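In what follows, a single structure is set out as C-alpha cells and then discussed.
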Amino acid sequence: MTTDASRGAEAPPELVQLLTPEGERVEHPDYDIDLSAEEVQSLYRDLTLVRRIDLEAVALQRQGELGIWASLLGQEAAQIGSGRALTDSDMAFPTYREHGVAWCRDVDPVKLLGLFRGVNHGGWDPEEHNFHLYTIVIGSQTLHAVGYAMGIQRDDASAATIVYFGDGATSQGDVNESFIWASVFNAPIVFFCQNNQWAISEPLEKQTRIPLYRRASGFGFPGIRVDGNDVFACLAVTRKALEAARTGQGPTLIEAFTYRMGAHTTTDDPTRYRVASELEAWKLKDPIERVKSYLFKNELADQAFFDSVDAEADQLGADLRRRCLAMPDPEPLDIFDHVYREPHSLIDRERAQFAAYLEGFRD
Ligand SMILES: Cc1ncc(C[n+]2csc(CCOP(=O)(O)OP(=O)(O)O)c2C)c(N)n1
Ligand SMILES: [Mg+2]
C-alpha cells in the first residue's frame, strides 16, 4: 500500500492522457481527438467559468448566504470533458459535486445555489436538461441511472446514460448492484467515477487494493482509467464509451484519476487529515493551466482571448452573487405542494395543521 505524501502524484502507467500537465499534446492509439482552436478555446472558457462559479459559491457560503457547498476545485476537466461528450438526448445522473456537468447541461448556476441556500428542493427540471437532481445518498443514483438506461433500451432509443459517483461510492452495495444489473442487461450506460483520492477523510487505500477501473472486469464490462485533469482525454474517452453504449455494446466504467483540491465540503477541514505536500504535487497538474499552456504555446489564442474569458468570469461571478441574494425565501406551506401530483388527504391534513401552527406566530 502507498501511504506516502506523494500518493497519486505520479501518473500510473495505464492512464489515458492526451495533454500533459505542461500542455504538450500526446498521441494515443485508441483515443485520439481532433479539436479546432475554437473548440479548445471553448473548453478553456468552460473550465474557467465553472471554476469561478465554484469560487463564488464557496465565498457565499463563508458569508453565510449558503448552508453548505461541495467544491469541484480540481475536478473541472473530468466534468467538462465528460459533460461536453454528451449529446442532448443522453441523460446524466450526478452526485452533489457535478457543477461542471450542470453547466454543460445548461442548468442556470443560480439554481444550484438555490439548493445549497435551502430555498428549493432541487432547483431544475431534470427532463428539461436531461440532468437528474443532485443526489446526496452516496451511490444510490447508480441504480436510478441503470434503471433509466434499461428504459432507454426498451424504448429502442438512440441515447446513453452517464452516472457520476466518487471513489468512496465504489464501496457501496448500490454501486456494485448497479454494475451487475448494467452488465447482465447490457444497459446503455457509462459509469463515470471521479477518483479524487478522498471520501471526506478516508483515503483511496481504504476503498480498494486494486485500481478502481479494474473492478469492471469482474463484472464483465470494460474499465478504463483516464487522466481526470486532462479535458481532452476525458472528452475522448467518454465520447467513445457513450457511443459504445448507444450502439448496443453495453456499459463502460471510466475512472477519472483526479484530485479534490478543496475541502470535501465547506464544513470540512482537510488540513486535519492530509498533508500539504500532496496538494502541492497536484497543483502542478492543474486542469486549466495545461489547456492555457497548450493554447499559448501553439498560438491558438492571444492575450485578448484570455482577458475576455477573465472579464466574462468576473461578470458571471457578480451576476451570480446578485441573483443568489435576490432569491426569495419560499413560502413555508409550499413544501406540501409537490409531495403528490394529486390531492392527498393526509397531506391536506398536515398542511392545515402547519398553517394553524404558523398562525400562532402572528401578533
Ligand atoms: C449512503 C451514505 N452514506 C454516507 C454518507 C455521508 N457521506 C457524504 S459524502 C461521503 C463521501 C463520499 O466520497 P466519494 O464517493 O469519494 O465522493 P466525493 O465526495 O469525494 O466526491 C460520505 C461518506 C452519505 N451521504 N450517504
Ligand atoms: Mg472521492
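Side notes on the structure shown:
- Scanning segment 307-323 for residues that are surrounded by 16 or more Cβ atoms within 10 Å (Cβ to Cβ) and out of contact with any Lys or Arg (no Cβ under 7 Å at 6 or more places or on another chain), we see that the one that is nearest to E38 (Cα to Cα) is L320.
- All positions within segment 153-170 that are touching a helix residue (DSSP H, G or I) at 6+ places or on another chain (Cβ under 9 Å) and over 21 Å from R215 (Cβ atoms): A157, S158, A159
- T87 surrounded by 23 or more Cβ atoms within 10 Å (Cβ to Cβ) and more than 11 Å from the chain's Cα centre (by Cα): no
- Candidate set: segment 272-292, residues that are open to solvent by 60 Å² or more (accessible area, probe 1.4 Å) and without any contact (Cβ under 8 Å) to a residue 24 or more places away in the chain; chosen: the one nearest to Y259 (Cα to Cα): K283
- Taking the listed residues P126, P94, P21, P109, the one that is within 16 Å of ligand 1 (Cβ to nearest atom) and not aromatic (F, W, Y) is P94, with no other qualifying.
- Number of the exception - G220 against (1) within 18 Å of the chain's Cα centre (by Cα); (2) more than 16 Å from ligand 2 (Cβ to nearest atom): (1)
- Residues in segment 184-210 that are more than 10 Å from ligand 2 (Cβ to nearest atom) and open to solvent by 30 Å² or more (accessible area, probe 1.4 Å) were compared, and the one that is nearest to C234 (Cα to Cα) is I210.
- Some residue of segment 140-151 being in a loop (DSSP other than H, G, I, E, B) and either open to solvent by 20 Å² or more (accessible area, probe 1.4 Å) or modelled with pLDDT under 95 (or both): no
- Being without any contact (Cβ under 8 Å) to a residue 60 or more places away in the chain, within 10 Å of ligand 1 (Cβ to nearest atom) and not in a helix (DSSP H, G or I) holds for only one residue in T135, T170, and it is T135.
- The residue that is most open to solvent (accessible area, probe 1.4 Å), among those in segment 21-77 that are in a helix (DSSP H, G or I) and among the basic types (K, R), is R62.
- Restricting segment 216-235 to residues that are assigned to a helix (DSSP H, G or I) and either of a type in the set (D, E, K, R) or open to solvent by 10 Å² or more (accessible area, probe 1.4 Å) (or both), the residue that is nearest to V175 (Cα to Cα) is F219.
- Selected residue (criterion: farthest from ligand 1 (Cβ to nearest atom)) from residues of segment 174-183 that are touching a residue at least 60 places away in the same chain (Cβ under 8 Å) and open to solvent by less than 10 Å² (accessible area, probe 1.4 Å): A182
- Within this structure, E299 fails the test of being in contact (Cβ under 8 Å) with a residue 24 or more places away in the chain and either assigned to a loop (DSSP other than H, G, I, E, B) or open to solvent by 90 Å² or more (accessible area, probe 1.4 Å) (or both).
- R117, sole failed condition from (1) touching a strand residue (DSSP E or B) at 6+ places or on another chain (Cβ under 9 Å); (2) more than 16 Å from ligand 1 (Cβ to nearest atom): (1)
The values are calculated or read from the model by the stated rules, or taken from the named source; none is laboratory data. None of the values given here were measured: they were computed from a predicted structure. Using ideal geometry, Cβ is built from the backbone for each residue, glycine included, and neighbour counts are taken over all protein chains shown. For accessibility, only protein heavy atoms count, side chains too; no ligands or nucleic acids. Shrake-Rupley method; radii C 1.70, N 1.55, O 1.52, S 1.80 Å.
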